[in-house]
1. I'm trying to understand the selection: among the residues of region 41-52, which are within 16 Å of ligand 2 (Cβ to nearest atom) and open to solvent by less than 50 Å² (accessible area, probe 1.4 Å)?
2. Residues that are open to solvent by 20 Å² or more (accessible area, probe 1.4 Å) and within 15 Å of GLY34 (Cα to Cα), at least 1 per element: which strands (runs of 3 or more DSSP E) completely within region 74-192 meet that?
3. I need every pair where a residue in region 79-104 that is at pLDDT 95 or above has its Cβ under 6 Å from the Cβ of a residue that is among the aromatic types (Phe, Trp, Tyr), sequence separation at least 6 or different chains.
4. For ASN63, all conditions in the list (1) over 17 Å from LYS185 (Cα atoms); (2) in a strand (DSSP E or B); (3) more than 10 Å from ligand 2 (Cβ to nearest atom) hold save one; what is the number of the exception?
Amino acid sequence: EAGSQGGLLRKTERDRDWARSGLQEKNNHILVLGLDGAGKTSVLYSLALNRVQHSKAPTQGFNEVCISTEHSQMEFLEIGGSEPFRSYWEVYVSRGMLLIFVVDSADHSRLPEAKKYLHRLIKINPVIPLVVFANKQDLKAAYHITDIHEALALSDVGNDRTMFLFGTQVTENGSEIPSTMQDAKDLIAHLA
Ligand SMILES: Nc1nc2c(ncn2[C@@H]2O[C@H](COP(=O)(O)OP(=O)(O)OP(=O)(O)O)[C@@H](O)[C@H]2O)c(=O)[nH]1
Ligand SMILES: [Mg+2]
């Protein structure tokens with residue numbers, strides 16, 4: 001199966017020294033953004049390992065993850081979703097090659113806030129392809145992806161932009177990732 005040899009090659013979290021790290025100059029990143037607690041790190045680790053892997057702590061700054069598949073090597077850059085880190089989103093979105101935006105599908109009250117940030121981001125970069133993960137689909141309260149599509153006003157994202165929406169879930173540690181997440185990974189490898 002393609003990609004099953006993929007692994008987590010590198011992970012770095014930075015806060016104060018980010019400016020010196022060279023991260024800033026790169027323009028080949030697959031950006032992983034979204035509000036705190038949406039599940040960005042958990043999804044990213046699970047995609048890297050092809051096994052469910054929950055994050056153990058909120059991302060304090062940047063989290064760079066390299067995922068290799070048979071055919072490609074992808075560099076993902078998550079930026080923490082807590083308030084102090086959101087100002088960096090805009091800096092990085094202007095030169096990212098792909099934007100993965102993760103939302104907590106069960107966190108109804110914060111969907112308007114997520115929508116606001118998403119639309120701000122795509123306005124800054126009018127061409128960046130967008131992949132939305134409607135995460136936490138395992139929770140009873142989770143909105144179905146059609147409701148997430150509506151709540152995030154994804155029909156306004158633009159006719160010329162490539163846009164995909166996936167329902168994702170990070171459940172029992174160690175279990176196999178659901179097929180939609182494998183599909184999403186294949187698609188990302190194709191787009192990147
Ligand atoms: N039930 C459920 N819990 C999830 C899912 N994805 C993540 N979580 C949990 O949600 C919490 C936040 O997950 P993280 O992956 O740390 O979220 P994040 O978006 O990286 O958050 P920041 O780094 O703070 O921006 C953790 O307790 C995860 O275990 C999911 O699909 N379902
Ligand atoms: Mg995180």
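1. THR41, SER42, VAL43, LEU44, TYR45, SER46, LEU47, ALA48, VAL52
2. In region 74-192, 98-104, 163-167 are the strands (runs of 3 or more DSSP E) which contain 1 or more residues that are open to solvent by 20 Å² or more (accessible area, probe 1.4 Å) and within 15 Å of GLY34 (Cα to Cα).
3. ILE79/PHE62; ILE79/PHE85; ILE79/TYR88; ILE79/TRP89; VAL102/PHE133
4. (3)
The values are calculated or read from the model by the stated rules, or taken from the named source; none is laboratory data. These figures come from a predicted structure and were not determined experimentally. Here the Cβ is made from the backbone with ideal geometry for all residues, glycine too, and neighbour counts use every protein chain on show. Ligands, DNA and RNA are excluded from the accessible area calculation, which covers all protein heavy atoms including side chains. Shrake-Rupley method; radii C 1.70, N 1.55, O 1.52, S 1.80 Å.
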